[in-house]
Amino acid sequence: MPGKHRILVVASAAALWSCTESHDTVDTSGERYANQSSDDSSPNTAPESGNGRTSTGTRASAGTGSETGSGTARAGGAAPSAGNAGNKGTAGSGVRASAPDRAPSGAPDSTASGDDIAFKFDVSVPAGAELFRCIYAQIPTDRGVVAVPSVESHYTPGSHHLLTYRSNLTAIPEGKAEPWDCANGAWQLNQRGSYYEAQQPDESRQLPKGIAHKFQPGEVLIMQAHYINTSDQDLAASVQMVLHTMDESKVEQEAGTIYFNNVVINVPPHSSGKAAMNCTLPQDISLASLWSHMHKRGVHFRATTDDAEAVEALGTLYEESDWNEPRPRDYPSDPPVVLHAGTRISFECDYQNDSDKAYRFGTSAEENEMCILHGMYWPRMPSLAEQCLGRAPAAGGAAPAGGDEPEGG
């Protein structure tokens with residue numbers, strides 16, 4: 001309904017398809033994305049030097065509640081327009097309903113003019129604590145299939161990430177109408193892959209024209225905030241995600257999200273380590289964006305493909321050395337670059353451990369490590385393919401300790 005803006009806020013919380021032995025990869029360029037297609041003018045894809053970042057300013061220590069820098073949405077995708085952010089919405093089920101608090105610069109595709117859907121919740125983080133808080137966020141039941149070509153998020157600095165998972169739930173579980181402690185991974189039984197992740201206080205993703213994620217009426221998402229408060233003061237944090245919608249009949253291709261999570265990680269004391277994983281694609285896809293997820297020992301992340309045509313057009317798929325605030329890479333869409341069925345996406349994480357303890361897979365950014373390739377693409381694959389179920393051990397790595405399960409951290 002043009003001109004209207006609906007916000008539904010639910011304050012409650014919340015593999016892989018084909019993998020092979022890891023293999024050696026060859027650096028395709030001396031610079032980051034040096035072989036990037038000249039058709040792509042995105043600032044995320046140009047060759048870089050130095051630390052690979054274009055923003056200025058420095059982020060304050062996690063948990064302090066302050067940050068130096070632009071404060072605008074990260075250059076991972078165009079942010080929603082200020083006009084949308086100023087509209088008021090009607091309340092749905094949940095604790096709070098409000099219009100988006102902030103309006104990053106930039107504008108989504110002009111077809112994304114429908115009613116927005118926002119979810120927001122608060123988190124209290126004690127001094128020196130690391131915690132996980134989730135809400136179950138339900139898509140409206142009265143709007144039919146909801147098509148989402150762009151998304152933005154905002155959270156109080158101090159969070160390691162905001163992750164939004166898809167689930168097999170069609171109703172919010174009884175007793176879970178408020179934010180809940182999701183450090184225990186039992187809720188992952190309902191998880192069916194990822195939709196979105198932010199690792200910076202103000203971030204967004206924008207899909208190409210005619211491409212959108214689709215959500216069924218009443219579908220339940222699981223939003224997870226992971227906070228690390230390193231200060232000596234309690235932190236009152238707020239977390240918000242806004243889905244910008246479009247007319248579902250105008251969607252040409254349904255988007256999906258890959259969540260390739262390597263749980264086979266072992267970094268011995270006083271040494272370097274590596275985790276590597278390969279995922280075979282069951283169908284042709286085109287990438288919209290990729291980004292990485294590691295913890296504190298992570299020093300370098302790299303993703304490649306063995307698709308010769310894609311290598312010629314894109315070079316290295318993705319490369320990043322910042323574990324804390326990795327920058328997404330956007331890909332050309334006019335025309336898009338195809339990764340063909342049967343080819344593989346391979347990715348690896350390098351670690352440096354200067355401590356007296358070993359680090360293995362787990363959710364804690366302080367006590368564990370991760371190696372995840374995350375991204376948006378189209379057309380959507382089956383859920384298991386999006387998670388690369390059936391992963392192989394990393395080269396030179398040992399399996400995680402007994403009882404470790406992928407919990408998304």
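The values are calculated or read from the model by the stated rules, or taken from the named source; none is laboratory data. Being a predicted model, the structure only gives us computed values, none of them experimental. Here Cβ is always computed from backbone atoms with ideal geometry, including for glycine, and neighbour counts include all displayed protein chains.
Values for this structure:
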{"item": "Region 159-187, subset part of a helix (DSSP H, G or I) and farther than 24 Å from residue 323 by Cα, residue farthest from the chain's Cα centre (by Cα)", "result": "186"}
{"item": "Residue count for region 203-224, restricted to those that are in a loop (DSSP other than H, G, I, E, B) and hydrophobic (A, V, I, L, M, F, W, C)", "result": "1"}
{"item": "Members of region 120-158 found to be in a strand (DSSP E or B), under 15 Å from residue 179 (Cβ atoms) and not charged (D, E, K, R), listed by number", "result": "121, 123, 124, 125, 131, 132, 134, 135, 136, 137, 138, 155"}
{"item": "Filter result (at pLDDT 95 or above, of a type in the set (D, E, K, R) and surrounded by fewer than 23 Cβ atoms within 10 Å (Cβ to Cβ)) within region 368-409", "result": "380"}
{"item": "Residue among 308, 303, 365 that is modelled with pLDDT of 95 or more, within 19 Å of the chain's Cα centre (by Cα) and aliphatic (A, V, I, L, M)", "result": "303"}
{"item": "Enumeration of residues in region 265-312 that are under 17 Å from residue 345 (Cα atoms) and assigned to a loop (DSSP other than H, G, I, E, B)", "result": "281, 282, 283, 284, 306, 307"}
{"item": "Long-range neighbours under 7 Å by Cβ, at least six apart or interchain, first residue among the polar types (S, T, N, Q) within region 126-139, second part of a strand (DSSP E or B)", "result": "138/220"}
{"item": "Number of positions in region 321-361 that are over 17 Å from the mean Cα position of the chain (by Cα), outside any strand (DSSP E or B) and small (Gly, Ala, Ser)", "result": "4"}
{"item": "Residue 200, sole failed condition from (1) of a type outside the set (Val, Ile, Thr); (2) surrounded by fewer than 22 Cβ atoms within 10 Å (Cβ to Cβ); (3) assigned to a loop (DSSP other than H, G, I, E, B)", "result": "(2)"}
{"item": "From the options 186, 225, 137, 198, residue that is closer than 18 Å to residue 362 by Cα, in contact with a Leu (Cβ under 8 Å, 6 or more places away or on another chain) and either of a type in the set (Gly, Ala, Ser) or at pLDDT 95 or above (or both)", "result": "225"}
